[in-house]
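Novice: The structure follows.
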Amino acid sequence: MIYKGSMMVDFFVEWFKRQVLPALKTPHVIVMDNASFHPKNILDELCIQNRHFFLPLQPYSPEMNPIEQVWKEIRKRGFKNKAFQTLEAVIDKLQEVIQGLEKKRYKVHCQQTMGKVGF
């Protein structure tokens, strides 16, 4: 899903309830940064109700956020010192790089984060 515009708490919570939670069939640890539209109390309660564990990251800790490590790898593989002529070319390259990432790399990034927070 691509969302254009300012993200609001209500929209994010609805998306989380309707898209994220139904997609998770087994218990998961859900890691989120401290974006203003990530209401910790609401997300924690929703996770508990659905047998998941909500792990909010400490402020200003990108090294603890697995997605930051994935973005770093994406930039390295497809965007280092590169200029694109169109937005469509950027999107095409992004899709190509993401599809080329191995699932095990995602798992490694998540495991590294879990180790850093003591799981």
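The values are calculated or read from the model by the stated rules, or taken from the named source; none is laboratory data. Note that the structure is a prediction, hence the values are computed from the model and not measured. Every residue, glycine among them, receives a Cβ derived from its backbone with ideal geometry; neighbour counts consider all protein chains shown.
Novice: Please identify the pairs in which a residue from segment 29-43 that is without any contact (Cβ under 8 Å) to a residue 60 or more places away in the chain has its Cβ atom under 9 Å from the Cβ atom of a residue that is among the hydroxyl-bearing types (S, T, Y) and assigned to a loop (DSSP other than H, G, I, E, B), counting only partners at least 6 apart or on another chain.
Specialist: D33/S61; N34/Y60; N34/S61; F37/S6
Novice: If you go through segment 68-82, how many residues are free of Cβ contacts under 8 Å to residues at least 12 places away in the same chain, more than 17 Å from Q95 (Cβ to Cβ) and in a helix (DSSP H, G or I)?
Specialist: Of the residues in that region, 2 qualify.
Novice: In this structure, does D44 turn out to be crowded, with 16+ Cβ neighbours inside 10 Å, under 29 Å from G100 (Cα atoms) and either under 14 Å from the mean Cα position of the chain (by Cα) or not assigned by TED's automatic domain parsing to the domain that holds K103 (or both)? Quick ask: steps written out before the conclusion?
Specialist: Working: crowded, with 16+ Cβ neighbours inside 10 Å: yes; under 29 Å from G100 (Cα atoms): no; either under 14 Å from the mean Cα position of the chain (by Cα) or not assigned by TED's automatic domain parsing to the domain that holds K103 (or both): yes.
No, not satisfied.
Novice: Residue by residue through segment 59-109, note down the ones that are surrounded by 12 or more Cβ atoms within 10 Å (Cβ to Cβ) and among the polar types (S, T, N, Q).
Specialist: If the condition is that a residue be surrounded by 12 or more Cβ atoms within 10 Å (Cβ to Cβ) and among the polar types (S, T, N, Q), then S61, N65, Q69 are the ones that fit.
Novice: Of the conditions (1) among the basic types (K, R); (2) on the phi > 0 side of the Ramachandran plot; (3) in the same structural domain as Q111 (by TED's automatic domain parsing), R51 fails just one. Which one is it?
Specialist: Failing condition for R51: (3).
Novice: Next question. Can you give me the number of residues within segment 7-29 that are under 24 Å from Q95 (Cα atoms) and either surrounded by 10 or more Cβ atoms within 10 Å (Cβ to Cβ) or assigned by TED's automatic domain parsing to the domain that holds Y106 (or both)?
Specialist: Of the residues in segment 7-29, 7 are under 24 Å from Q95 (Cα atoms) and either surrounded by 10 or more Cβ atoms within 10 Å (Cβ to Cβ) or assigned by TED's automatic domain parsing to the domain that holds Y106 (or both).
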